[in-house]
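The structure appears below as structure tokens.
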Amino acid sequence: MSVARGDELNNRVLVVEDDRGHRELLAEELAEVGYAVTAVETAEEAEQVLRQQTVSLVVSDLRLPGADGFHVLEVARDTVPVPGFIMLTGFGTIDQAVTALKAGADDFLTKPVDLEHLRLAAERVAEARRLRAEVRQYREVLAGDESFHGMQGKSPAMLKLHDLIRRIAAADGSVLITGESGTGKELVARALHAESARADGPFIALNCAGIPETLLESELLGHVAGAFSGAKGARRGLFTEADGGTLFLDEIAEMPVAMQSKLLRLLQDGRVRPVGSNEEIETDVRIVAATHQDLQERIRHEQFREDLYYRLETFRIEIPPLRDRGDDIERLAQQFLREQALARGLPVRELSPEAMRALLRYGFPGNVRELASLMERAATLASGEVIELRDLPERVRQSGAASGSGESSGNVSGADLPIPGAGDDSHWPSLAEVEQAYLHRVLEHVEGNKQRAARILGIGRKTLYRKLGESESDS
């Protein structure tokens, strides 16, 4: 048994391959990209490792001496947490590989393995495993709290988004998801899939910016053996893998123009021709694409095909930025703090009123992703169980002084007040009148949300209700 060192235990990979040279090559390749690799020769050795170690990914040959790769897969599926699984198969055993996918394997590669495809497959399986773990943790933390397919939030903007997702999911046309970076475009894509008639089919995600241009066509369409240098075995593309389900193309704006032409034809014909093949394969795939970039601007600069844009935009979903989601900021901040406590064994932190007001005033250019990072930092650095204003970054602490941050700063300047003529004392507003004017101005800004208004004003809701009641009685 050989072991290659890696950086993190949660990146541990088990390679099961009876051919010594191939086993060592796979182990070295995975170790080079940061995995901690344990390489064994038989299914029995693999079972022993799986019983004793926490493994994030198994790469196993289908044919092994004694018990085969299906036995390794069965053992892997019984471990906790369940690792990702990539089956290796030789020529002529594709049907068995498909059977392995149905039995729970995440992917399969034909031998001899293209090492670049191995890296991509390992990254994709690891990402899928991470997302599954996040979903499990999210469900545990919420424990009875309501969410919409992992999307937390009950603001009017989010409820409107949920309704739009349900209505679009009932159709089958292509969908273009737009919105600022960090707003959760993949969560929306997964919700679309889960709400659709394709929910029992596969959901395959690909970041178009993360694949070299030379490999993108092969990754999407697949290839036959000998199609290009290094293509020693055949490989199914993601369009074929997503048959009957949804293919999510993130960062679609980064797709090379040449590949955009092929994608347009796929959307029109519904047929895939693997690289190097003369035969076409019919597929039934719903395309959901996403970008944070202005595609119209890229069209003007001839960086994106206009006809593809209109083909993708059969339906369009614009995700609201976090700054427009009102009380969701508070709800998400508390949720992320509970997640930190659960994942890292930290005490459950609470936000002081001053810290929460600063978050409500902040514009969040990084949206939900930025809020999650802020709460991770605060939960780690806070000295007590209450997160104070001083525990937040300087940009958040100073957000109240910046214009256009998405919230009132809480400061009333003399320019906001009606100024009577010189020497006229009788028309100056009273302090109570100024206070009432400001209360109603804040309420108008938050669309009547009294909990949010109270936080901006720095008072309790009971005090706010009392002051509003005084206003009504005075009138």
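The values are calculated or read from the model by the stated rules, or taken from the named source; none is laboratory data. In this text the structure is predicted, and so the values were computed from the model without any measurement. Neighbour counts run over all protein chains shown; Cβ positions are idealised from the backbone, glycine included.
Odds and ends about this structure:
- Scanning the stretch 153-186 for residues that are farther than 15 Å from Arg286 by Cα and in a loop (DSSP other than H, G, I, E, B) gives Gly153, Lys154, Ser155, Gly179, Glu180, Ser181, Gly182, Thr183, Gly184.
- Residue in the stretch 318-335 that is basic (Lys, Arg), at pLDDT 95 or above and surrounded by fewer than 19 Cβ atoms within 10 Å (Cβ to Cβ) present: no
- Residues in the stretch 12-65 that are hydroxyl-bearing (Ser, Thr, Tyr), buried (at least 19 other Cβ atoms within 10 Å of the Cβ) and over 33 Å from the mean Cα position of the chain (by Cα): 0 in all.
- When residues of the stretch 462-475 are limited to those that are at pLDDT 70 or above and surrounded by 14 or more Cβ atoms within 10 Å (Cβ to Cβ), the one nearest to Pro353 (Cα to Cα): Leu464
- Answer residue from the stretch 282-296, given it is in contact (Cβ under 8 Å) with a residue 40 or more places away in the chain and surrounded by fewer than 17 Cβ atoms within 10 Å (Cβ to Cβ) and is farthest from the chain's Cα centre (by Cα) among those: Asp284
- One residue from Leu263, Leu267 being assigned by TED's automatic domain parsing to the domain that holds Ile211, within 24 Å of the chain's Cα centre (by Cα) and assigned to a helix (DSSP H, G or I): Leu263
- Only listed residue being surrounded by 12 or more Cβ atoms within 10 Å (Cβ to Cβ) and modelled with pLDDT of 90 or more, chosen from Glu376, Glu354: Glu376
- Lys154 being more than 20 Å from Ala289 (Cα to Cα) and not polar (S, T, N, Q): yes
- The selection criterion, being buried (at least 22 other Cβ atoms within 10 Å of the Cβ) and not polar (S, T, N, Q), does not hold for Val98.
- Residue in the stretch 267-281 that is surrounded by the fewest Cβ atoms within 10 Å (Cβ to Cβ), counting only those that are farther than 14 Å from Leu220 by Cα and modelled with pLDDT of 85 or more: Gln268
- Cβ separations smaller than 7 Å between residues 6+ apart or across chains give the following pairs from the stretch 430-448 residues that are within 22 Å of Gly326 (Cβ to Cβ) to residues that are modelled with pLDDT of 75 or more and among the charged types (D, E, K, R): Leu439/Lys467; Val446/Arg452.
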